[in-house]
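This report refers to the structure that appears directly beneath it.
The values are calculated or read from the model by the stated rules, or taken from the named source; none is laboratory data. Note that this is a predicted model, so its numbers are computed, not measured. Note that we place each Cβ from the backbone using ideal geometry, even for glycine, and neighbour counts take in every protein chain shown. The protein model used for the area step is the full one, side chains on, heavy atoms only, and it has no ligands, DNA or RNA in it. Shrake-Rupley method; radii C 1.70, N 1.55, O 1.52, S 1.80 Å.
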Amino acid sequence: LTICFFPCNYPFQASPLAELGAKKTERKTKADMNTLLNTLGILVLERIDTKSFRISDDPPTWLSEFSDSEAWKKERFFPGDAFVFLVNFLMEAEEFWKEAKKDVLKSDFWIETTRAGTEVPFQASAVNAGKKKFVLIEQVADAYELQQNILQKARELQLAYDRLKRTEKELRKAK
């Protein structure tokens, strides 16, 4: 039993007003997501084709510290022109996108130098979102520092182990 208080067709069809509301909600959700990512300092690049991308929303403020911000305002650009490290990562991302994987492909860390000479670590992620492909670029100072500390500790432990082995060898000779 279907009760309609307004003229309706069965099966239910969304009215144009309902569709308009859904589109507004979708745009607001997209705007909220872009605002969130921008607040987190994540640059969102939408892939147009293999050699061109566009910024999906306002770029994070840090972007202007690294390259000509006018280049990024173009409708189409290649991010590898600004961040050379991305050239190889984007080739890997193309393979990742062809496989239509649902997970995320992350790059290694890399360092870029600001116009003022400050070194800043970054990491890129390739993401499949249905038919759309994205590259997210974020500053990762904390994660980079943690990795550097772990690697330094590993080197120190290896040196200590090597010293211990030499000392042990010398003690055996002395007997």
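Rolling a 1.4 Å probe over the protein heavy atoms of region 77-140, with every protein chain left in place, gives an accessible area that is 52 percent carbon and sulfur.
Note on K165 and D108: the extension gain reaches 17.2 nm, defined as 0.36 nm multiplied by sequence separation minus the Cα-Cα distance. Annotation: amide H of L105 within the under-5 Å range of A126, sequence separation 5 or more or interchain, hydrogens built in the peptide plane. Summarising the amide proton neighbourhood of K133: residues at separation of 5 or more, or on other chains, whose placed amide H is nearer than 5 Å comprise R47. Peptide packing: for 129-140, 96-107, the average count of neighbouring Cβ atoms within 10 Å per residue gives the ranking 129-140, 96-107, highest mean first. With distances taken between every two different alpha-carbon atoms, region 63-140 has a Kirkwood hydrodynamic radius of 13.4 Å. Near K132: Cβ cut-off under 9 Å, other residues only, Lys/Arg at +1 and Asp/Glu at -1. The net charge is +2.
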